[in-house]
Amino acid sequence: MTFRGRAEVRKGFELMLAYDAGLESRPGGVAFIAGDRGASQWSYTGTDADGRVHEVHGCDMFEFDGDRIRVKDAYRRVYGDIGHAAAD
């Protein structure tokens, strides 16, 4: 999905948060820092009321400036039914 403009991006973010509600973090992610760069890997899983399993896997890429985060990019992959997100 692609969201353009402030209203679409806001709606997309609301849909993402609604989809993630109730999912549980899975242990075992990897995180590291090398110089002024870092990365973390994460995943969440859950089962909806209809018994469908939903998984979200992702990673965050960081660029640091001293003890502050200068840039943070997030990438996520959703496994499962996300059809409800496209309905609006």
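Tabulated data for the structure shown
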item	result
Residue in segment 1-40 that is modelled with the lowest pLDDT, counting only those that are over 26 Å from R70 (Cα atoms) and hydrophobic (A, V, I, L, M, F, W, C)	M1
Matching residues, segment 22-76, being under 25 Å from T2 (Cβ atoms), of a type in the set (V, I, T) and out of contact with any Ser or Thr (no Cβ under 9 Å at 6 or more places or on another chain)	V71
Any hit, segment 42-59, residues being among the aromatic types (F, W, Y), without any contact (Cβ under 8 Å) to a residue 24 or more places away in the chain and surrounded by 14 or more Cβ atoms within 10 Å (Cβ to Cβ)	yes
Strands (runs of 3 or more DSSP E) lying entirely in segment 1-70 (those with 3 or more residues that are polar (S, T, N, Q))	37-47
Residue match in segment 35-54 (condition: under 23 Å from F13 (Cβ atoms), within 12 Å of the chain's Cα centre (by Cα) and acidic (D, E))	no
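The values are calculated or read from the model by the stated rules, or taken from the named source; none is laboratory data. Since this is a predicted model, take the numbers as computed values, not measurements. Cβ sites come from the backbone with ideal geometry, for glycine too, and all protein chains shown count toward neighbours.
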